[in-house]
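Peer 1: Take this structure, written in structure tokens, and hold onto it; I'll ask about it next.
The values are calculated or read from the model by the stated rules, or taken from the named source; none is laboratory data. Remember, it's a predicted structure, so these values are computed and weren't measured experimentally. Note: ideal-geometry Cβ built from the backbone for every residue, glycine included; neighbour counts use all protein chains shown.
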Amino acid sequence: MNNNYQKKIRIAKFLSSKGYGSRREIEKLILKNKIIVNKEIISSPITFVNNDDEIVINNKKINLQKKLDVWKFYKPLNYITSRNKQDDRPIIYDLLPFNLKKIKTVGRLDINSEGLLLLTDDGEIIRNLELPKNKFIRKYKIRVYGYINENSLDKISKGAKINNIRYAPFEYKLLKKGNANSWLEFQMHEGKNNEIRNLCAAINLKVNRLIRIEYGPFKLKNLLPGKVEKAEEKEMRLYEDYIGKI
């Protein structure tokens, strides 16, 4: 048996995790008798499969051994997460090798942020990682200027509404407390525009460095600014296992 899946799961979840459409799209195909499993047309979405099964969609046998590729890129400070130049400022695609010039990003990091940016040409992976309901944890190291009031930090970490924008609860750690600058770690399930800066500003802290170090099972580790590498097989297995369970 292929080790990517140790047990059978519902076909809609399974095919969605492999990039063959959303669960709803898969279920519609089932109702139209467009999916065959082990040479039999299936009529119910309550069908369980794994990599050992033979699956045909719209008369085409699918490759269940298809390798999903994700790349990890350390986005440097002062680079824009964009494919097209807007002005004289550099874009991340200036740094990517030729074979990754057309690849897409999972979300964005603003020009003043740095760290882990995931790249893939698989739209379903992008969708799965970006959907807030999937609750992939984004972890950040943050250097802030100002006095750390832990009571205020505790309060805002339980969720806050700032300038009519609702921010979800998050977990945090105080990594290092200094007289002027301190280091924090935030673990969040969403990534709204300027969320961390707005949360910190609400308790009189100014963010002067923001580094994303994890996104779901994918970790920045020792990757250097401007460098890119393929995600580890272990990270990909953890991603597929997690998607298969939700």
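Residue-wise test of (1) aliphatic (A, V, I, L, M); (2) under 30 Å from VAL70 (Cβ atoms); (3) surrounded by 15 or more Cβ atoms within 10 Å (Cβ to Cβ).
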{"residue": "LEU131", "(1), (2), (3)": "yes, yes, no"}
{"residue": "LYS135", "(1), (2), (3)": "no, yes, no"}
{"residue": "ARG143", "(1), (2), (3)": "no, yes, yes"}
{"residue": "GLU150", "(1), (2), (3)": "no, no, no"}
{"residue": "ALA180", "(1), (2), (3)": "yes, no, no"}
{"residue": "ASN222", "(1), (2), (3)": "no, yes, no"}
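Peer 1: In segment 89-101, is there at least one residue being in a loop (DSSP other than H, G, I, E, B), closer than 20 Å to GLU240 by Cβ and in contact (Cβ under 8 Å) with a residue 60 or more places away in the chain?
Peer 2: No: zero hits.
Peer 1: Scan segment 38-54 residue by residue and report those that are surrounded by 17 or more Cβ atoms within 10 Å (Cβ to Cβ), closer than 14 Å to ILE9 by Cα and among the hydrophobic types (A, V, I, L, M, F, W, C).
Peer 2: The one that is surrounded by 17 or more Cβ atoms within 10 Å (Cβ to Cβ), closer than 14 Å to ILE9 by Cα and among the hydrophobic types (A, V, I, L, M, F, W, C): VAL49.
Peer 1: So which strands (runs of 3 or more DSSP E) stay within segment 129-205 end to end and still have 2 or more residues that are at pLDDT 95 or above and under 20 Å from the mean Cα position of the chain (by Cα)?
Peer 2: Output list reads 138-145, 171-176, 181-188.
Peer 1: Then there's this: Of everything in segment 55-66 that's of a type in the set (S, T, N, Q) and free of Cβ contacts under 8 Å to residues at least 24 places away in the same chain, which residue is surrounded by the fewest Cβ atoms within 10 Å (Cβ to Cβ)?
Peer 2: Checking each candidate, the answer is ASN59.
Peer 1: Considering only residues that are buried (at least 17 other Cβ atoms within 10 Å of the Cβ) and either part of a loop (DSSP other than H, G, I, E, B) or at positive phi (or both), which ones fall in segment 102-121?
Peer 2: Listed by number, the residues that qualify are ILE103, VAL106, LEU109, SER113, GLY115.
Peer 1: Among the listed residues ASN99, ASN78, identify the single one that is over 23 Å from MET236 (Cβ atoms), assigned by TED's automatic domain parsing to the domain that holds GLU229 and of a type in the set (S, T, N, Q).
Peer 2: Residue meeting the stated conditions: ASN78.
Peer 1: Checking PHE14 against (1) touching a helix residue (DSSP H, G or I) at 6+ places or on another chain (Cβ under 9 Å); (2) modelled with pLDDT of 90 or more, only one condition comes out false. Which one?
Peer 2: For PHE14, the failing item is (2).
Peer 1: Looking only at segment 206-239, which residues are touching a residue at least 60 places away in the same chain (Cβ under 8 Å) and assigned to a helix (DSSP H, G or I)?
Peer 2: Selection gives GLU235, MET236, ARG237, TYR239.
Peer 1: Name the pairs: first residue in segment 119-148 and of a type in the set (Lys, Arg), second residue outside any strand (DSSP E or B), Cβ to Cβ under 6 Å, at least 6 apart or on different chains?
Peer 2: Listed pairs, sorted by first residue: LYS135/HIS189; ARG138/GLY191.
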